[in-house]
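Q: Quick one: the structure is below, and I'll ask about it shortly.
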Amino acid sequence: MSYSIIISITDQTLRLLEGSKTVLSFPVSTALNGSGSEKDSGKTPLGKHVIRAKIGAGTPINSVFIGRRLTGEIYSPALAADYPERDWILSRILWLSGKELGKNRLGQVDTMQRYIYIHGTPDSEPMGEPKSHGCIRMRNRDIVQLFDLVKTGTEVDIQA
């Protein structure tokens, strides 16, 4: 099956589509700073993207990643208390790459160079409201389900 993804910043949802039919819908959390593509803006980039890389296949749920590498840790409230400053990236990573020159690709607006992902976050974090540093956060069980259905090259359209 060939899927595509639409992320709505307004609705704070991610929809998985097969053709024009919504197959699954998930609540997400996009950037607290709103939408935008500028480097170091802390904003979620708009426009056409693709999944450039899938990271974390087969790892335990709540596995912790730093710099796209497993740390060997499993997220827990105790671990969170030890590292309160961390922006937790858990379970799976879908690394996005922009497709639109000057909008979300190359230069100061490059989604991939900004390390914008769809990734898991602690289940204690709210969904349905903007709270991230630019990425698209999902519940761990949801990102695992999505990860298993999509492949690299899957189109992702992030809309306001």
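Q: Among the candidates Arg68, Arg92, Arg86, which residue alone is at positive phi, among the basic types (Lys, Arg) and surrounded by 12 or more Cβ atoms within 10 Å (Cβ to Cβ)? Walk me through how you get there before you give the answer.
A: On the way: Arg92 fails: at positive phi; Arg86 fails: at positive phi.
Going through Arg68, Arg92, Arg86 in turn, the sole match is Arg68.
Q: Moving on to the next point. Among Gly128, Gly102, Gly98, which is the only one that is over 14 Å from Leu14 (Cβ atoms) and either surrounded by fewer than 16 Cβ atoms within 10 Å (Cβ to Cβ) or hydrophobic (A, V, I, L, M, F, W, C) (or both)? Please lay out each step first, then the result.
A: Numbers: Gly128 fails: over 14 Å from Leu14 (Cβ atoms); Gly98 fails: either surrounded by fewer than 16 Cβ atoms within 10 Å (Cβ to Cβ) or hydrophobic (A, V, I, L, M, F, W, C) (or both).
The match here is Gly102.
Q: Would you tally the residues in segment 17-54 being outside any loop (DSSP other than H, G, I, E, B) and either over 21 Å from Asn104 (Cα atoms) or over 16 Å from the mean Cα position of the chain (by Cα) (or both)?
A: Filtering segment 17-54 for residues outside any loop (DSSP other than H, G, I, E, B) gives 17-18, 21-27, 29, 31, 35, 44, 47-54.
If we keep only those that are either over 21 Å from Asn104 (Cα atoms) or over 16 Å from the mean Cα position of the chain (by Cα) (or both) too, we end up with 17-18, 21-27.
The total comes to 9.
Q: Going by what's in this entry, would Asp11 be described as under 22 Å from Arg141 (Cβ atoms), of a type outside the set (Val, Ile, Thr) and part of a loop (DSSP other than H, G, I, E, B)?
A: Details: under 22 Å from Arg141 (Cβ atoms): yes; of a type outside the set (Val, Ile, Thr): yes; part of a loop (DSSP other than H, G, I, E, B): yes.
So Asp11 fits the description; yes.
Q: Quick one: in segment 51-65, of everything that is surrounded by fewer than 20 Cβ atoms within 10 Å (Cβ to Cβ), of a type in the set (A, V, I, L, M, F, W, C) and touching a residue at least 60 places away in the same chain (Cβ under 8 Å), which residue is nearest to Ile136 (Cα to Cα)?
A: Taking segment 51-65 first, the residues surrounded by fewer than 20 Cβ atoms within 10 Å (Cβ to Cβ) are 52-55, 57-62.
Subset that is of a type in the set (A, V, I, L, M, F, W, C): 53, 55, 57, 61.
Going one step further and asking which of them are touching a residue at least 60 places away in the same chain (Cβ under 8 Å), we end up with 53, 57, 61.
Numbers: Ala53: 15, Ala57: 18, Ile61: 17 Å.
Among those that are surrounded by fewer than 20 Cβ atoms within 10 Å (Cβ to Cβ), of a type in the set (A, V, I, L, M, F, W, C) and touching a residue at least 60 places away in the same chain (Cβ under 8 Å), it is Ala53.
Q: Shifting gears a bit: Going residue by residue through segment 105-112, is there one that turns out to be over 19 Å from Leu16 (Cβ atoms) and within 13 Å of the chain's Cα centre (by Cα)? Step through it out loud before you land on a result.
A: Residues of segment 105-112 over 19 Å from Leu16 (Cβ atoms): 105-112.
Imposing the further condition that a residue be within 13 Å of the chain's Cα centre (by Cα) reduces the set to 111-112.
Checked against the condition, which is being over 19 Å from Leu16 (Cβ atoms) and within 13 Å of the chain's Cα centre (by Cα), segment 105-112 yields at least one hit.
Q: Condition first: in a loop (DSSP other than H, G, I, E, B) and in contact with a helix residue (DSSP H, G or I) (Cβ under 8 Å, 6 or more places away or on another chain). Now tell me which residues in segment 79-95 satisfy that. Don't jump to the end; show me each part of the working.
A: First, the residues of segment 79-95 that are in a loop (DSSP other than H, G, I, E, B): 83-88.
Matches in segment 79-95: Arg86, Trp88.
Q: Please indicate, with yes or no, whether at least one residue in segment 96-118 is more than 14 Å from Ser35 (Cα to Cα), in a strand (DSSP E or B) and touching a helix residue (DSSP H, G or I) at 6+ places or on another chain (Cβ under 6 Å).
A: Looking for residues that are more than 14 Å from Ser35 (Cα to Cα), in a strand (DSSP E or B) and touching a helix residue (DSSP H, G or I) at 6+ places or on another chain (Cβ under 6 Å), one finds none in segment 96-118, hence no.
Q: Related question: Inspect all residues belonging to segment 70-78 and state whether any of them is in a loop (DSSP other than H, G, I, E, B) and either more than 21 Å from Glu18 (Cα to Cα) or under 11 Å from the mean Cα position of the chain (by Cα) (or both).
A: Initially, segment 70-78 is screened for residues in a loop (DSSP other than H, G, I, E, B), giving 75-76.
Remaining after also requiring either more than 21 Å from Glu18 (Cα to Cα) or under 11 Å from the mean Cα position of the chain (by Cα) (or both): 75-76.
Yes, segment 70-78 contains a residue that is in a loop (DSSP other than H, G, I, E, B) and either more than 21 Å from Glu18 (Cα to Cα) or under 11 Å from the mean Cα position of the chain (by Cα) (or both).
We did not get these values from a lab; they are worked out from the coordinates using the rules stated. All values reported here derive from a predicted model rather than from experimental measurement. As a convention, Cβ positions derive from the backbone with ideal geometry for all residues, glycine included, and neighbour counts pool all protein chains shown.
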